[in-house]
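A.B. asks: Below is the structure I would like to discuss, written out as structure tokens.
The values are calculated or read from the model by the stated rules, or taken from the named source; none is laboratory data. Nothing here was measured: the structure is a model prediction, and the numbers come from that model. Every residue, glycine among them, receives a Cβ derived from its backbone with ideal geometry; neighbour counts consider all protein chains shown. Just the protein is used for accessible areas: all its heavy atoms, side chains included, with ligands, DNA and RNA removed. Shrake-Rupley method; radii C 1.70, N 1.55, O 1.52, S 1.80 Å.
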Amino acid sequence: MPRPIPHLRWYIGGVLFLSTVINYVDRQTLSVLGPVLKTEFRWNNADFALVLISFRVAYALGQTASGRWLDRVGTRAGLTAAVLFYSMSSMLSSLATGLRGFVACRFLLGAGESANWPGATKAVAEWFPSRESGWAVALFDSGSSVGAALAPFIVLGVYRLTGSWRPVFIVTGILGFLWIPLFRAIYRSPEEHPRLSAAEREDILSNRASGRMAVADASSGAPLGYRTLLAMPQTWGILVGKALTDPVWFFITDWFAIFLVSRGFRLEDSVLAFWVPFLAADLGNFTGGGVSSALIARGWRVDAARKLVIVAGALGMLFLIPAVYTTSLRALAGYFAIATFSYAALSTMILNLPADLYPASSVGSVAGLGGTAAGIGTIAAHYLTGYVADRYSFEPLLIGASLIPLVGMAALLVLVRVPASSRGRP
């Protein structure tokens with residue numbers, strides 16, 4: 001019989017982190033190459049927005065479908081198939097010859113990548129006690145900012161080495177193929193994992209985050225129906241919160257390189273400024289998850305700990321407003337860093353909510369619905385960004401991106417209600 005691996009759940013968390021890093025490197029390849037592709041293919045901002053929207057349409061629709069699918073086929077099989085599919089789709093982009101080709105390739109990439117967040121959220125619900133779920137979500141979600149920070153170095157490095165953008169998509173696509181064997185080797189459910197110690201299994205199964213706060217009927221083991229889920233106010237709190245906060249992050253990740261160029265900065269001279277907001281987001285993930293977990297350990301109710309971070313995060317995103325009025329690259333990067341730090345802390349809390357509120361059999365479904373809501377909001381934001389940036393400037397967009405998350409915060413505070421008897425401690 002194989003020897004148990006101590007603290008196996010954190011190795012699982014580390015593998016989920018790597019998946020998210022690769023996910024973001026693949027998607028950020030296009031964003032970093034945006035100025036190059038716009039010049040070669042003579043795209044305007046509206047054309048570039050169309051390429052981004054094609055990804056978002058598939059990503060939005062795919063999250064609800066993949067969340068339900070993951071609840072049925074399981075995390076191990078589902079994430080394996082998803083990473084295989086989107087890695088192949090990323091490599092296919094190297095063959096694109098114009099706008100239509102990129103639209104088709106990005107649609108396929110979005111469909112494949114849509115499974116990552118429902119799958120990782122479901123894995124946290126399966127593997128982590130509620131006292132640690134904030135840290136676990138922060139760990140895997142921080143991969144988005146790490147991937148976004150690494151992408152400029154990888155993408156521009158390969159581009160300079162080869163003199164062409166086409167090999168870049170092949171190199172970034174290969175990363176997923178390297179991840180799959182590692183994931184397959186380490187991931188099983190806690191109930192059946194041969195390398196999980198008896199003590200850790202008992203801790204996980206007794207104190208899981210899933211369903212502790214609001215949904216008690218998990219006895220059947222089957223996913224709750226969509227009619228049941230959508231009748232719950234907390235579901236709508238998650239949907240509205242995601243729809244009005246995630247578009248700000250995707251605005252920054254997808255448009256930041258083009259925004260910097262529009263402000264007169266050369267992309268080659270702005271790599272550090274490009275990197276700083278994503279490093280700040282990484283710190284925000286762990287700060288948000290760490291603060292909420294520390295408060296829960298001190299006896300705070302789970303929803304109170306989550307909501308405190310949500311409020312602080314929404315207020316911190318207001319720092320995009322002063323970015324409108326600065327001409328200093330250093331100050332610009334600083335304001336964006338505060339905003340992305342705040343967003344990441346807030347996002348970590350929203351990502352925790354499905355594991356807090358629903359049984360493990362339905363976490364993927366709820367996370368997928370939230371991802372679809374975020375995708376719809378992001379599609380609208382991308383269309384608006386292309387239109388406004390071409391006709392006016394990015395400044396009105398930054399002001400709107402600061403203020404709209406306050407509405408999402410209000411929806412989370414009002415609609416996510418938890419019985420007073422629910423406590424973070426097992």
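A.B. asks: Using a 1.4 Å probe and counting only protein heavy atoms, arrange M409, M317, M91 so the residue with the most accessible area comes first.
C.D. replies: M91, M409, M317
A.B. asks: Starting from the Cα gyration tensor of region 152-207, take the square roots of the eigenvalues, sort them a ≥ b ≥ c, and report rounded, prolate or oblate (rounded when a/c is under 1.5, otherwise prolate if a/b is larger than b/c, else oblate). Can you show the working numbers first?
C.D. replies: Working: a/c = 5.86, a/b = 3.73, b/c = 1.57.
Here region 152-207 falls in the prolate category.
A.B. asks: What's the center-to-center distance, using Cα atoms, between region 228-264 and region 353-380 in Å?
C.D. replies: Here the answer is 13 Å between Cα centres.
A.B. asks: Still on this structure, I have one more. Give me the aspartates and glutamates in straight-line cross-link reach of K242: C-alpha distance below 15 Å, same-chain residues under 8 apart excluded.
C.D. replies: Counting by Cα, and skipping residues close in sequence, K242 has these aspartates and glutamates nearby: D141.
A.B. asks: Net charge near Y226: determine it from the other residues with C-beta under 12 Å of the C-beta of Y226, scoring Lys and Arg +1 and Asp and Glu -1. Kindly include the intermediate steps, with their values, before the conclusion.
C.D. replies: On the way: positive: R68, R227; negative: D71.
Net charge around Y226: +1.
A.B. asks: Straight-line reach only, C-alpha to C-alpha below 15 angstrom: list the aspartates and glutamates that K307 could link to, leaving out same-chain residues fewer than 8 apart.
C.D. replies: D356
A.B. asks: Could you order peptides 243-249, 160-166 by the average number of other Cβ atoms within 10 Å of their residues, highest first? Spell out each step's value before the answer.
C.D. replies: On the way: 243-249: 25.3, 160-166: 12.0.
Highest-to-lowest ranking by the protection proxy: 243-249, 160-166.
A.B. asks: With a 1.4 Å probe and all protein chains left in place, how much of the accessible area of region 133-197 comes from carbon and sulfur atoms, in whole percent?
C.D. replies: 68 percent
A.B. asks: Grab the Cα-Cα distance for Y325 and L84, subtract it from 0.36 nm times how many residues apart they are, and report the gain in nm with one decimal.
C.D. replies: Values: separation 241, 0.36 × 241 = 86.76 nm, distance 4.39 nm.
Value of the extension gain: 82.4 nm.
A.B. asks: Based solely on C-alpha atoms, express the radius of gyration and the Dmax of region 264-390 in angstrom.
C.D. replies: For region 264-390, the Cα-based Rg and Dmax read 17.1, 51 Å.
A.B. asks: To continue, here is another question. If each DSSP helix of 4+ residues adds -39,500 (n - 2.57) and the sum is divided by the residues in the chain, what number results at 222 nm, nearest 500 deg cm²/dmol?
C.D. replies: Helix contribution divided over all residues of the chain: -27000 deg cm²/dmol.
A.B. asks: I'd like the distance separating the alpha-carbon centroids of region 273-347 and region 169-196, in whole Å.
C.D. replies: Between the Cα centre of region 273-347 and that of region 169-196, the gap is 30 Å.
A.B. asks: Over region 37-182, average the accessible area per residue using a 1.4 Å probe and give it in Å², no decimals.
C.D. replies: Here the per-residue accessible area is 35 Å².
A.B. asks: Pop the C-beta distance of A297 and V261 into the FRET formula with R0 = 35 Å and round what comes out to the nearest 0.05. Don't skip to the end; give the middle numbers.
C.D. replies: Values: r = 46 Å, r/R0 = 1.30.
It comes out at approximately 0.15.
A.B. asks: For the Cα atoms of the chain, what angle does the longest principal axis make with the long axis of helix 45-73, in degrees from 0 to 90, nearest 10?
C.D. replies: Around 20 degrees separate the two axes.
A.B. asks: Cα centroid distance between region 102-136 and region 24-55, in Å?
C.D. replies: 23 Å
A.B. asks: Another question, then. Could you order peptides 353-364, 390-401 by the average number of other Cβ atoms within 10 Å of their residues, highest first?
C.D. replies: Output ranking for 353-364, 390-401: 353-364, 390-401.
A.B. asks: If you add up the charges near F336, with Lys and Arg at +1 and Asp and Glu at -1, over every other residue whose beta carbon is less than 15 angstrom from its beta carbon, what do you get?
C.D. replies: Here the charged neighbours net out to -1.
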